[in-house]
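Read through the structure below, which is laid out as structure tokens, and then see the notes.
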Amino acid sequence: MPINSKVTLCGAKARRRNGLPCRQPAMKNGRCRMHGGKCTGPKTKEGKLRSAQANLKHGLYTEASMMERRRMQEIMKWRDELNEI
């Protein structure tokens, strides 16, 4: 199938085909549908919040949990200093 020379190609580096660039037609953002051409992510505040919540795995590194661990470390250090006396 001949490719129209006026069509912009995706050009993403392919893992197959020995690293040659993708030959699919590009969309407005310069990539094909397989290399990031369709989805542009959430635009609204609600959509961004929903996306962030969906990506939350365990919460071990939230600011609140890290502050709680620091506070517990300080309490244990204080306890150990009292036991030395």
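Quick one: MET66 ticks every box in (1) under 30 Å from LYS6 (Cβ atoms); (2) at pLDDT 90 or above; (3) not charged (D, E, K, R) bar one, so which box is it?
Evaluating MET66 over (1) under 30 Å from LYS6 (Cβ atoms); (2) at pLDDT 90 or above; (3) not charged (D, E, K, R) leaves (1) as the failure.
Do you know which of the residues in segment 16-55 that are aliphatic (A, V, I, L, M) and surrounded by 12 or more Cβ atoms within 10 Å (Cβ to Cβ) is farthest from LYS6 (Cα to Cα)? Spell out how you get there, then give the answer.
Filtering segment 16-55 for residues aliphatic (A, V, I, L, M) gives 20, 26-27, 34, 49, 52, 54.
If we keep only those that are surrounded by 12 or more Cβ atoms within 10 Å (Cβ to Cβ) as well, we get 26-27, 34.
Working: ALA26: 11, MET27: 13, MET34: 20 Å.
Within segment 16-55, the match that is farthest from LYS6 (Cα to Cα) is MET34.
May I ask you to list the residues in segment 10-42 that are assigned to a loop (DSSP other than H, G, I, E, B) and basic (Lys, Arg)?
Of the residues in segment 10-42, the ones assigned to a loop (DSSP other than H, G, I, E, B) are 10-12, 14-16, 20, 22-24, 26-42.
Residues satisfying the conditions are ARG15, ARG16, ARG23, LYS28, ARG31, ARG33, LYS38.
Evaluate segment 43-61: report whether one residue or more is assigned to a helix (DSSP H, G or I) and modelled with pLDDT under 80. Steps first, answer last, please.
Filtering segment 43-61 down to residues assigned to a helix (DSSP H, G or I) leaves 45-55.
Checking which are modelled with pLDDT under 80 leaves us with 55.
Yes, some residue in segment 43-61 is assigned to a helix (DSSP H, G or I) and modelled with pLDDT under 80.
The values are calculated or read from the model by the stated rules, or taken from the named source; none is laboratory data. Just so we're clear, the structure is a prediction, and the values are computed from it rather than from any experiment. Backbone-built Cβ (ideal geometry, glycine too); neighbour counts: all protein chains shown.
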